[in-house]
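Values quoted throughout were computed directly from the atomic coordinates according to the rules given, and no laboratory measurement underlies them. Since this is a predicted model, take the numbers as computed values, not measurements. Please note: Cβ atoms are built from the backbone with ideal geometry, for glycine as well, and neighbour counts cover all protein chains shown.
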Amino acid sequence: MSRVIYYKTPSEIEIIRENCHLVCKTLALAASRLKPGAKSSEIDKEAEDFIRSHDAKPGFKGYNGFPATLCVSLNEQVVHGFPKEEPFKDGDIVSIDCGVYKNDFFGDAAYTFAIGEVDPEVIKLMEVTLTSLYLGIAQAKPGNRMGDIGHAVQDYCERQNGYGVVRALVGHGIGRNLHEAPEVPNHGRRGKGILLKKDLVIAIEPMVNLGTRNVRQLSDGWTIVSKDRKPSAHFEHTVVVTADGPDILSDHSYVEEAIKNNDNLTQMSVEKPIFALRNFDHG
Ligand code: MG
Ligand code: MG
């Protein structure tokens, strides 16, 4: 990966926003299909058709040989799982990660879903991980440094909640490439790392484990699992740094609406004020 950071023009940012909205609509479609007995392989096909019907291409399919439109990571799987024929079971959690490519740019977002009756301890892991995403996003403003984002995620998940923040995988710059500089770690030190500047577009994606932060890769060459096989949650937004603070280019509201309308999914409760980023405090 080139170390060069490509800052985006306003028109490029709008293309990425449009792509990220398509990603989130695709995630919402997937959410509407989730239930015990559903097969992720079938949802993946539907997601691919949906993306192509919008004159876009799946962003992940064929990327370094990845075989599918969606990354579907179940329970102890952290990220990069494959869609499977094996049906979902009551009590599963599943991270679905999606990318699209259109008009020479990518979009990227992810969400973790709770199917049926899920252990409250695991729902809390999901809630804390989603909250940490917004705490990280809140740091994406000019004058801050990359370590401020990672520190916010890490402090909330590890120090305040006792979970393990995955170090081996990170968020990333995004644009003409799915993954470009800079790396966006989910851990870090305040005031350290590269300076965040206006027009930087990054995907922030905390991967948080109920137990150990350590992970390993399965022999399929892709799937990352927690080393102790305890559950893991993952949420992702694509964000642009503006003079006024973070502007979230992806939109989970499509997904959250689909969750509300699907009785087979357990709802999280995440505090609302965290979402009010448009009224971001500049101080
Ligand atoms: Mg992603
Ligand atoms: Mg990503």
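For the range 164-272, which GluC sites (Glu not before Pro) are in a loop by DSSP, counting at most 10 other Cβ atoms within 10 Å?
When the GluC sites (Glu not before Pro) of the range 164-272 are filtered for loop state and at most 10 Cβ neighbours within 10 Å, E271 remain.
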By count of other Cβ within 10 Å, fewest leading, how are L125, L34, L29 ordered?
L29, L34, L125
If packing is taken as the average number of other Cβ atoms within 10 Å across a peptide's residues, how do 246-252, 217-223, 129-135 rank, most packed first?
129-135, 246-252, 217-223
Determine ³J(HN,Hα), in whole Hz, for all residues of the range 133-144 in sequence, where each value follows from phi through the Karplus function 6.51 cos²θ - 1.76 cosθ + 1.60 and θ = phi - 60°; x replaces Gly and Pro.
4, 5, 5, x, 4, 4, 8, 7, 9, x, x, 6
How high is the relative contact order of the chain, in percent, with contacts defined as C-alpha pairs under 8 Å that are six or more residues apart?
24 percent
Excluding H187 itself, what net charge comes from residues whose Cβ is under 14 Å from its Cβ, given Lys and Arg +1 and Asp and Glu -1?
+2
Can you give the percent of C-alpha pairs in the chain whose distance is more than 30 Å?
22 percent
When N counts the residues of the range 56-128, how does its alpha-carbon radius of gyration compare numerically with 2.2 N^0.38 Å, as a ratio?
1.23
Expected vector for the range 203-211, Karplus 3J(HN,Hα) from phi with 6.51, -1.76, 1.60 and θ = phi - 60°, integer Hz, x for Gly and Pro, equals 9, 9, 8, x, 10, 10, 9, 5, x
List the GluC sites (Glu not before Pro) within the range 65-119 that fall in a DSSP loop (any state other than H, G, I, E or B) and whose Cβ has at most 16 other Cβ atoms within 10 Å.
E85, E117
If unit charges are put on Cβ atoms (+1 for Lys and Arg, -1 for Asp and Glu) and the dipole of the chain is taken about its Cα centre, the option from L125, F105, V170 lying farthest towards the positive end turns out to be V170
Using amide H atoms built in the peptide plane, which far-off residues or other-chain residues are under 5 Å from K84 H to H?
S40, S41
Could you derive backbone 3J(HN,Hα) for the range 163-168 from the dihedral phi with the Karplus parameters 6.51, -1.76 and 1.60 (θ = phi - 60°), listing whole Hz in sequence and x where the residue is Gly or Pro?
8, x, 8, 5, 9, 6
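Taking loop as defined by DSSP and a crowding limit of 16 other beta carbons within 10 Å, which chymotrypsin sites (Phe, Trp or Tyr not before Pro) in the range 51-93 fit? Can you show the working numbers first?
Numbers: sites: F60, Y63, F88; in loops: F60, F88.
Qualifying residues, ordered by number: none.
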Once the Cα atoms of the range 1-148 are picked out, what are the Rg and Dmax in Å?
16.5, 49
So what is the 222 nm mean residue ellipticity for the chain from helices alone, if each DSSP H run of at least 4 adds -39500 (n - 2.57) and you divide by all residues, rounding to the nearest 500 deg cm²/dmol?
-8500 deg cm²/dmol
Reachable lysines, given that their alpha-carbon falls under 30 Å from the alpha-carbon of K260 and they are not under 8 places away in the same chain
K25, K35, K39, K45, K57, K61, K84, K89, K102, K124, K230, K272
Mind putting a number on the dipole of the chain about its Cα centre? Charges go on the C-beta only, +1 for Lys and Arg and -1 for Asp and Glu, and I need it in Debye to the nearest 20.
860 debye
